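Heads up: the structure comes next, in C-alpha cells.
The values are calculated or read from the model by the stated rules, or taken from the named source; none is laboratory data. Please read these numbers as outputs of a predicted model, since none were measured by experiment. Cβ placement follows ideal geometry from the backbone for every residue including glycine, while neighbour counts extend to all protein chains displayed. When the accessible area is computed, the model is the full protein with side chains, heavy atoms only, and any ligands, DNA or RNA have been set aside. Shrake-Rupley method; radii C 1.70, N 1.55, O 1.52, S 1.80 Å.
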Amino acid sequence: MTDSAAKPPKHTAQPPSHSNFIRAAIDADLASGKYAARTWGGKPGPAKTHEGAPKDPARIRTRFPPEPNGHLHFGHAKSICLNFGLALDYGGACHLRFDDTNPEKEEQEYVDSIIAAVRWLGFSWENEGASHLYYASDYFDFMYHAAECLITDGHAYVDSLNTEQMRALRGTLTEPGKVSPYRDRSVEENLKLFRGMRDGRFKEGEHVLRAKIDMASPNINLRDPAIYRIRNASHHRTGDKWCVYPMYTYAHPIEDALECITHSLCTLEFEDQRPFYDWLLECLARDRLLQRPVPQQIEFARLNLTYVVLSKRRLIQLVDERHVSGWDDPRLPTLAGARRRGYTPEGLRLFAERIGVSKADSWIEYSVLEDCMREHLNEIAPRRMAVLDPVKLVIENYPEGKEEFAEVPNHPQKSDWGKRSVPFSRELWIERDDFMETPSKGYFRLFPGNKVRLRYGYVVECTGYDQSTATVRCTYDPDTKSGTPGAEKVKVKGNIHWASTKHACTATVRLYDRLFKVAHPGAGGRDFLQDLNPDSVKVITAQLEPALKQARAEERFQFERHGYFTADRIDPVSGVAEFNRTVTLRDSWGKTEKA
C-alpha cells in the first residue's frame, strides 16, 4: 500500500460549526480565561520546564494516546477525529502519544502501524513547526521521581501483600475496604523498599507501590490503588533500564500534565477513575512539580457499531484462529482492513462527524458508516464497466472483425472529468442475470424477442440462446448508437453494461460483505463465532473494461450497477489489479436491520 494521506481539513478562524457537551466545556474554559496564563517551554516537562516560558501558542491541547499493543479500529478512528478535529477547530495542538508503559505487550510494529493510520486518516501532530509525537516511556524518570515525592509526603507506601490478599481487603461496592498491615510503614522504609524494587532486588509480585487515599471510599478506585509494580521485562524503547513500571491509571494523568494537555478526552469506562486522576494531579501540583491549571478529564461514550466486534480480545481471536486472513482483512473493523477494503479517510471523518459524541451509550447502525462511504465515493470514484458473472453475447449481424469505440463519461455528474473510449465488438461479455430464457414478471432485460440498450452502445434484440456454447444471441440496430442522431428512435426499458471479449481484462474480484450475520454478535451470552457470516466474502473471476488494466493499488472506482471497488494487490503474472468490493450501491441489509 502507498502511504498517501488524505489532506487534513484546514484550520479557519471561523467558530466551530458543531455543538456538543465537549465543545461547550471548551467554550466555557476559553471564555473564562482558565488557560490564559499557561506557558509552554517548547517540550513536555514538569513545572520548571514551563516557568518563564512564552505563552502557550496553542489555545487548547488534546491528545490521542494509544497503547502500542495492537492495531487501531473504528473506535480509535472516532477518538482520532475527535481529538485532532477539536485541536484544528480551536487553533490548538493535538499530541500523538504512545502509552507504552506495559513492556510485555508493546512492539515497534504497532507503533509504526498507528503512525501510518493517523497519517492516513489525514491528521498531523505537527503544529507551528513543532512535532508533538511523544512516548510515555520518555517520562519514566519523572514518574519515578513523582512516586518518591508521594512517598515522602505520606501519599504512597510499599505494600507486601500478594494480589489475592489485597483483593480480599479491597471491600465491595457496599462494604468498605480494610487497610493493609503495611500501610503505616515509615517514609524511610518505603523509600528503601521502593528503591530496591527499582534496582531489581525483588521478585515480581513481592511488593507494589500503592497510593494512600481512603480504603473506605465509596469509589473503589480510591481505595489505595496500585501505582507501580515490579516487571522484569525488557522495554521496546528503554531496554532493561527499569525493573518497575507505572500502572496506566498513574501514568496517564502525569503524561497529560507534562504535555500541558487542557482537555483529556476519554471513553466512559474511565469516568470512575477521574477522582484518582484529579487527586494525583492535585498532589503533584501542590508540590509544584506540575504546572497549573492541571488537565481536566472529560468522558464520552465509546463507539458501539452493529455487525462488528471492537473488543481487542475478540479481534485477536478472529485473527489467531484464522477466521480472517490477518489484521488487514477487509472484513475487520481495523483501519488497516478498512484501507484495503477501499474505505476512505474522508468517509471515516464524515462518519465521526455524523454520529457525534454523547455521554450516553448507544448503538450506531453499520449502514450509517456505509452511507458515509457511498456519499464520498460517489464524488471521487470514476465509473467503469465490469461484468462480474459473465456470459457471452454474440451480435449476429455485426460485421466480424469490426471494432469501434463507445465514448463513455468518466463520471456522469462531472463533465470536466471527460470521457474515455471503450472498445466495442461483435462478441461481448454481459451479466448472467441480464438474460432469462423465460422472463419473470416485470423483467425488462434480455429474453427472446425483447430489446435492450447496450449501455453507451446500440439497441439489440435477443434472438435466442445457444445451450451448447452458453451463448446469448442477438441482432443490433446500427442506427441506434448512443450519442448519434436518431439514437433514441427505439424506446427500450432495459439498459445493460458489457465488456468486449477481445479487449476485456480478466481479474480476481472479492465481493466482501459484513463479517457477522447478526447486528449484535455474541448477544445473550452465546459464542460470537456462531454469528459469523458464511457469505462474508466471495471470490470470483470477472471481465473488466480494458481501462482497468492500468489500475494501481488503492485506486477506487464505481463498477456501474454493482457498487464501489478498490484495487488491491497487483497480480504479478498478469499485471492486473485484484479488486475488493468496498460497498454496494445501496443498502441490502436495511430490511434485516429493521426486523
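Does residue 329 qualify as being part of a loop (DSSP other than H, G, I, E, B) and either at pLDDT below 95 or of a type outside the set (Val, Ile, Thr) (or both)? Yes, satisfied. Taken together, the criteria place residue 169 among residues that are open to solvent by 10 Å² or more (accessible area, probe 1.4 Å) and farther than 19 Å from residue 198 by Cα. When the residues of the range 540-551 are filtered to those that are closer than 26 Å to residue 376 by Cβ and without any contact (Cβ under 8 Å) to a residue 40 or more places away in the chain, which remaining residue is surrounded by the fewest Cβ atoms within 10 Å (Cβ to Cβ)? My answer is 550. Can residue 534 be described as surrounded by fewer than 13 Cβ atoms within 10 Å (Cβ to Cβ) and modelled with pLDDT under 95? Judged against the criteria, residue 534 is not a match.
Of the residues in the range 299-319, at least one is within 22 Å of residue 23 (Cα to Cα), among the polar types (S, T, N, Q) and either without any contact (Cβ under 8 Å) to a residue 24 or more places away in the chain or in contact with a Leu (Cβ under 9 Å, 6 or more places away or on another chain) (or both). Filtering the range 367-374 for residues that are among the acidic types (Asp, Glu) and open to solvent by less than 20 Å² (accessible area, probe 1.4 Å) leaves a non-empty set. Checked against the criteria, residue 304 counts as open to solvent by less than 40 Å² (accessible area, probe 1.4 Å) and within 27 Å of residue 122 (Cβ to Cβ). Residue 47 satisfies every condition listed in (1) closer than 30 Å to residue 369 by Cβ; (2) among the hydrophobic types (A, V, I, L, M, F, W, C); (3) surrounded by fewer than 23 Cβ atoms within 10 Å (Cβ to Cβ); (4) out of contact with any strand residue (DSSP E or B) (no Cβ under 9 Å at 6 or more places or on another chain) except (1). Note on the range 54-83: among residues that are open to solvent by 20 Å² or more (accessible area, probe 1.4 Å) and in a loop (DSSP other than H, G, I, E, B), the one that is modelled with the lowest pLDDT is 69. Of all the residues in the range 351-365, those that are over 27 Å from residue 578 (Cβ atoms) and either of a type in the set (A, V, I, L, M) or part of a helix (DSSP H, G or I) (or both) number 7.
The residue of the range 366-384 that is nearest to residue 564 (Cα to Cα), among those that are assigned to a helix (DSSP H, G or I) and charged (D, E, K, R), is 374. Of the listed requirements (1) touching a Pro at 6+ places or on another chain (Cβ under 8 Å); (2) in a strand (DSSP E or B); (3) more than 28 Å from residue 98 (Cβ to Cβ), residue 158 misses just one: (1). If you go through the range 309-326 and keep only what is over 15 Å from residue 527 (Cβ atoms) and either out of contact with any helix residue (DSSP H, G or I) (no Cβ under 7 Å at 6 or more places or on another chain) or crowded, with 20+ Cβ neighbours inside 10 Å (or both), you end up with 312, 315, 316, 319, 320, 322, 324, 325. Tell me yes or no: at least one residue of the range 202-212 is part of a helix (DSSP H, G or I) and of a type in the set (D, E, K, R). Checking the range 202-212: not a single residue is part of a helix (DSSP H, G or I) and of a type in the set (D, E, K, R). With respect to the conditions (1) assigned to a loop (DSSP other than H, G, I, E, B); (2) touching a residue at least 24 places away in the same chain (Cβ under 8 Å), residue 175 falls short on a single one, namely (2). On the stretch given as the range 93-130, residues that are touching a helix residue (DSSP H, G or I) at 6+ places or on another chain (Cβ under 7 Å) and either buried (at least 21 other Cβ atoms within 10 Å of the Cβ) or assigned to a helix (DSSP H, G or I) (or both) total 13.
Of the residues making up the range 418-447, those that are in contact with a Ser or Thr (Cβ under 9 Å, 6 or more places away or on another chain) and either open to solvent by 60 Å² or more (accessible area, probe 1.4 Å) or touching a residue at least 40 places away in the same chain (Cβ under 8 Å) (or both) are 422, 423, 424, 425, 427, 428, 429. The residues of the range 399-417 that are of a type in the set (Gly, Ala, Ser) and open to solvent by less than 30 Å² (accessible area, probe 1.4 Å) amount to a single one, 406.
Close Cβ contacts (under 8 Å, 6 or more residues apart or on different chains) running from residues in the range 379-407 that are farther than 10 Å from residue 430 by Cα and among the aromatic types (Phe, Trp, Tyr) to residues that are modelled with pLDDT of 95 or more and part of a strand (DSSP E or B) comprise 398/425; 398/476; 405/421; 405/422; 405/423; 405/424. Scanning the range 552-576 for residues that are under 19 Å from residue 501 (Cα atoms), open to solvent by less than 50 Å² (accessible area, probe 1.4 Å) and at pLDDT below 95 gives 575, 576. Would you point out the residue of the range 332-346, among those that are over 11 Å from the mean Cα position of the chain (by Cα) and in a helix (DSSP H, G or I), that is surrounded by the fewest Cβ atoms within 10 Å (Cβ to Cβ)? The selected residue is 346.
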